There are 4 protein chains.
Amino acid sequence: MTQVFQPENPDFDTRVRHSFDLQKAMTTLGASIAKVEAGKVIIHLPFDDKLTQQHGFIHAGIISTVLDSACGYAAFSLMPKNAAVLTIEYKINLLSPAKGDWFEAIGGVKKPGRNVTVAEGEVYAHSGSGKKLVASMVGTLMSVYDREGIEH
Amino acid sequence: MTQVFQPENPDFDTRVRHSFDLQKAMTTLGASIAKVEAGKVIIHLPFDDKLTQQHGFIHAGIISTVLDSACGYAAFSLMPKNAAVLTIEYKINLLSPAKGDWFEAIGGVKKPGRNVTVAEGEVYAHSGSGKKLVASMVGTLMSVYDREGIEH
Amino acid sequence: MTQVFQPENPDFDTRVRHSFDLQKAMTTLGASIAKVEAGKVIIHLPFDDKLTQQHGFIHAGIISTVLDSACGYAAFSLMPKNAAVLTIEYKINLLSPAKGDWFEAIGGVKKPGRNVTVAEGEVYAHSGSGKKLVASMVGTLMSVYDREGIEH
Amino acid sequence: MTQVFQPENPDFDTRVRHSFDLQKAMTTLGASIAKVEAGKVIIHLPFDDKLTQQHGFIHAGIISTVLDSACGYAAFSLMPKNAAVLTIEYKINLLSPAKGDWFEAIGGVKKPGRNVTVAEGEVYAHSGSGKKLVASMVGTLMSVYDREGIEH
């Protein structure tokens, strides 16, 4: 994730944030976009009791939701203006229980492509005692060009 | 998913439903448990605008959240009373945009084990025009025995 | 894997077998193609001591090699004449130790697409005592059109 | 993969190399172990025409075979003397065609555990023009204790 990428769209920052704002799921979860770079996006999620599984940790699927958005927008940031992004598949490893004050989902492009982009990401739990890795993801994203209803 | 399993805990139905009720994330999403069998669990999720991504489909991560719960509880249904279940990892393929009136997440055990269980599942979108496969998952679940704070 | 597919290329059987014959890795492993249908391919692999890992089972990666070919050719069987197939990614679960007299890798298309196809497959170990599931795979394949050096 | 690990077995180097030597599949492929550290293993594979797929690249499954061994032995290097290692599952992304003079598979532990270890790895193709990333893997390994026939 230390590669330097040349975005095809100079307005990628605005475009990523606009699309993120359209994701009502992010509002529902309380997630916000913290950083946008070419090929890298960070999303923050505060702990919220309403997002927990049976042991009081954030549900693995909720962790995957913010991490999928971080990876997807990392990919989207490198795409041209007439492309939209769709997730084809991802794999997530849950490495530690998702407990903490807030969570940081970092998504980065591993291999960009005209049709298919591979991204990877990690989620860290932050608390008074520091930060801890709780999940890692590898995902495959597809560029969709000029399709009506899928513009953002 | 057509195997017949012998549950170690005869009260598996009650135990699965009790644990599901403790998942506040399910209440937040509006998901409910529709069926519990030994090694198989079905969860329903009505379409809700608040769960969408930027194109108005249900967010891939939200689809994965209900499917992870279905797979996890399918595994849990076969575990003894002193075990809890944690997701180690899963892979999800998003096969069609998640649009429809409601969604059916079906999780089933592929290979049970004392420490590690493999489960798989599918999500179907239901609408007036019928049902359509939107996602498939394969996941690995871990049994955790007699650990304080992780009993359900 | 019970879907019925319409192949775009009526000569798909010949084309799949021709491409398989070009895979020198299959010859090295001793694998042969046992069945070709539209969207489904079966490969056989006899047990061979030279393919084992440290406990005397067939190496997980070797199992994945024949299963990847089965899934890839299942996808390829539905592609038009000017397309070649490349594996983007796959996930494999090793469900039982790969021991037996011979192995049957069954690959089938889950969701065909012009650019991206999702396939899944299973490997069974056969021996005197019957057959046993040893691995399952989900993979994503890409169609590559009219690219020099990648025609088969 | 920059973590520092404390191996439970001080003779981990000898134990890893001994087990690797028992993998007849490695001999068949022509792979050799290049480096062993606590939590990290590197395997080399020269290009060999007999390992190719239909376009003349090394078969994705063969790439996964050496990378699975690198990840598995990275996990094994941190395990106690009475444990053996088995791969539960892995996901591999094929990022570029596997062509080159030789290949370097680097496996490292992401999260060690008594029963379950998560490892990740990458394969680089080396040629006169430098090196290129061709694949990345995430895998889950299981420790098996004191089981007859699975000691190495």
Cβ-vector label at 7 Å, residue A:18, separations to other copies in nm: 4.8, 5.3, 6.4
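What does the structure give for A:131-141 when I average, per residue, the other chain Cβ atoms found within 10 Å of the residue Cβ? List each step's numbers first, then the result.
On the way: counts 0, 0, 3, 0, 1, 6, 2, 10, 6, 8, 0.
Partner Cβ neighbours, averaged per residue: 3.
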Cα-based helix-to-principal-axis angle, B:60-76 vs chain B, degrees rounded to 10: 30 degrees
Whichever aspartates and glutamates have a C-alpha closer than 13 Å to that of residue C:50, once near sequence neighbours (fewer than 8 apart) are set aside: D:21
From phi via Karplus (6.51, -1.76, 1.60), per-residue ³J(HN,Hα) for the stretch C:112-129 in Hz, x at Gly/Pro: x, x, 5, 9, 10, 10, 9, 10, 9, x, 9, 10, 10, 8, 10, 8, x, 8
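As a check on your grasp of the helix formula, calculate [θ] at 222 nm for the protein assembly as shown: sum -39500 (n - 2.57) over DSSP H runs of n ≥ 4, divide by the residue count, round to the nearest 500.
Numbers: 12 runs with 136 residues, N = 608.
Rounded to the nearest 500, the figure is -7000 deg cm²/dmol.
Full extension from residue C:6 to residue C:35: what is 0.36 nm times the residue separation minus their Cα-Cα distance, to one decimal in nm?
On the way: separation 29, 0.36 × 29 = 10.44 nm, distance 1.70 nm.
This chain segment gains 8.7 nm when fully extended.
Please quote Rg/Rh for the protein assembly as shown to two decimal places, taking the Kirkwood radius as Rh and restricting both calculations to Cα atoms. Present the calculation step by step, with values, prior to reporting the outcome.
Values: Rg = 22.8 Å, Rh = 24.2 Å.
Rounded to two decimals, Rg/Rh equals 0.94.
So how strong a dipole does the protein assembly as shown carry about its Cα centre when Lys and Arg Cβ are +1 and Asp and Glu Cβ are -1, to the nearest 20 debye? Can you show the working numbers first?
On the way: 60 positive and 64 negative charges, 0 e Å.
The dipole magnitude comes to about 0 debye.
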Summed residue charge, Cβ within 9 Å of residue D:125's Cβ, Lys/Arg positive, Asp/Glu negative: +1
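Please compute the net charge surrounding residue D:134, taking Lys and Arg as +1 and Asp and Glu as -1 over other residues with Cβ under 14 Å from its Cβ. Don't skip to the end; give the middle numbers.
Values: positive: A:110, A:111, D:99, D:131, D:132; negative: C:89, D:101, D:104, D:122.
Once positives and negatives cancel, what remains is +1.
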Low-density loop cleavage sites - trypsin sites (Lys or Arg not before Pro) in the stretch D:105-143, where at most 11 other Cβ are within 10 Å (DSSP): D:114
Closest approach to the axis - chain C beta-carbon, rotation onto B, Å: C:91, 2
Filter on A:111/B:131; B:111/D:99; A:110/C:131; C:131/D:110; A:24/C:111 - keep pairs with C-alpha separation over 32 Å: A:111/B:131; B:111/D:99; A:110/C:131; C:131/D:110
Anchor residue B:35: aspartates and glutamates whose Cα lies under 12 Å away (excluding residues fewer than 8 positions away in-chain): B:13, B:104
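For a quick check of your reading of the filter: which GluC sites (Glu not before Pro) in the stretch A:44-152 sit in a DSSP loop and have no more than 15 other Cβ atoms within 10 Å?
Details: sites: A:89, A:104, A:120, A:122, A:148, A:151; in loops: A:148, A:151.
In loop regions of the stretch A:44-152 (DSSP not H, G, I, E or B), the sparsely surrounded GluC sites (Glu not before Pro) are A:148, A:151.
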Dipole magnitude of chain C, debye to nearest 20 (Cβ charges: Lys/Arg +1, Asp/Glu -1, about Cα centre): 260 debye
0 to 90° range, to nearest 10: angle between helix B:12-22 axis and chain B longest Cα axis: 60 degrees
Separation of alpha-carbon centers, the stretch A:71-105 and the stretch A:1-61, rounded to whole Å: 7 Å
Karplus 3J(HN,Hα) series, Hz, for the stretch D:84-97 with 6.51 cos²θ - 1.76 cosθ + 1.60 (x for Gly, Pro): 10, 10, 10, 7, 7, 6, 8, 10, 10, 10, 8, 9, 8, x
Relative contact order for chain D, counting Cα pairs under 8 Å that sit 6 or more residues apart, in percent: 24 percent
Ascending list, in nanometres, of distances separating the residue B:4 label from those of the other copies (7 Å, Cα toward Cβ): 3.2, 5.8, 6.6
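With only alpha-carbon atoms in the gyration tensor, what are the semi-axes of the equivalent ellipsoid for the stretch C:12-145, in Å, largest first? List each step's numbers first, then the result.
Details: eigenvalues 127, 42, 31 Å².
Working from the Cα gyration tensor, I get semi-axes of 25, 15, 13 Å.
No value in this document is a laboratory result; all are computed from the given coordinates. All values reported here derive from a predicted model rather than from experimental measurement. For neighbour counting, all protein chains shown are included, and Cβ atoms are generated from backbone atoms with ideal geometry for every residue, glycine included.
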